[in-house]
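Nothing in this text is a laboratory measurement; each read-out follows from the coordinates by a stated rule. This one's a predicted model, so the numbers in the text were calculated from it and none came from an experiment. When we count neighbours, we look across all protein chains shown, and the Cβ atoms used for this are built from the backbone with ideal geometry, even at glycine.
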Amino acid sequence: ENQMFWIQGGSGKGKTILLCGIINKLERAMVAGRHCYNLAYYFCQATDSCINSMTMVLQGLIYLLIHQQPCLLLYLPKNT
């Protein structure tokens, strides 16, 4: 089953701290071997429009997924 969190809110409301705590807990569970899943996340920042593009978000998510599952490299086009 696929699940996704979408956290949105004003600056200074604790979104990053909340998500960092959730991510740390999920990563510890993965390392402990209690769960087998892929975890990908990306943090956008209102102060940096360069990292908020759809391209950058997708690149970040793809990077994390490939880091966890190197066999996914087979599905990416080869650079020539």
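Any idea which of Thr16, Thr55 is in a helix (DSSP H, G or I), among the hydroxyl-bearing types (Ser, Thr, Tyr) and in contact (Cβ under 8 Å) with a residue 12 or more places away in the chain?
One residue alone meets the criteria, Thr16.
Which of the residues belonging to segment 5-16 are hydroxyl-bearing (Ser, Thr, Tyr) and surrounded by 10 or more Cβ atoms within 10 Å (Cβ to Cβ)?
Thr16 - this is the single residue of segment 5-16 that is hydroxyl-bearing (Ser, Thr, Tyr) and surrounded by 10 or more Cβ atoms within 10 Å (Cβ to Cβ).
The rows are residues; the columns are (1) surrounded by 11 or more Cβ atoms within 10 Å (Cβ to Cβ); (2) touching a helix residue (DSSP H, G or I) at 6+ places or on another chain (Cβ under 6 Å).
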{"site": "Gln3", "(1), (2)": "no, no"}
{"site": "Leu18", "(1), (2)": "yes, no"}
{"site": "Ile22", "(1), (2)": "yes, no"}
{"site": "Ala29", "(1), (2)": "yes, no"}
{"site": "Ala32", "(1), (2)": "no, no"}
{"site": "Asp48", "(1), (2)": "no, no"}
{"site": "Ile66", "(1), (2)": "yes, yes"}
{"site": "Cys71", "(1), (2)": "no, no"}
{"site": "Pro77", "(1), (2)": "no, no"}
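Can you go through Tyr37, Tyr42 and tell me which one is in a loop (DSSP other than H, G, I, E, B), in contact with a Leu (Cβ under 6 Å, 6 or more places away or on another chain) and surrounded by 10 or more Cβ atoms within 10 Å (Cβ to Cβ)?
Tyr42
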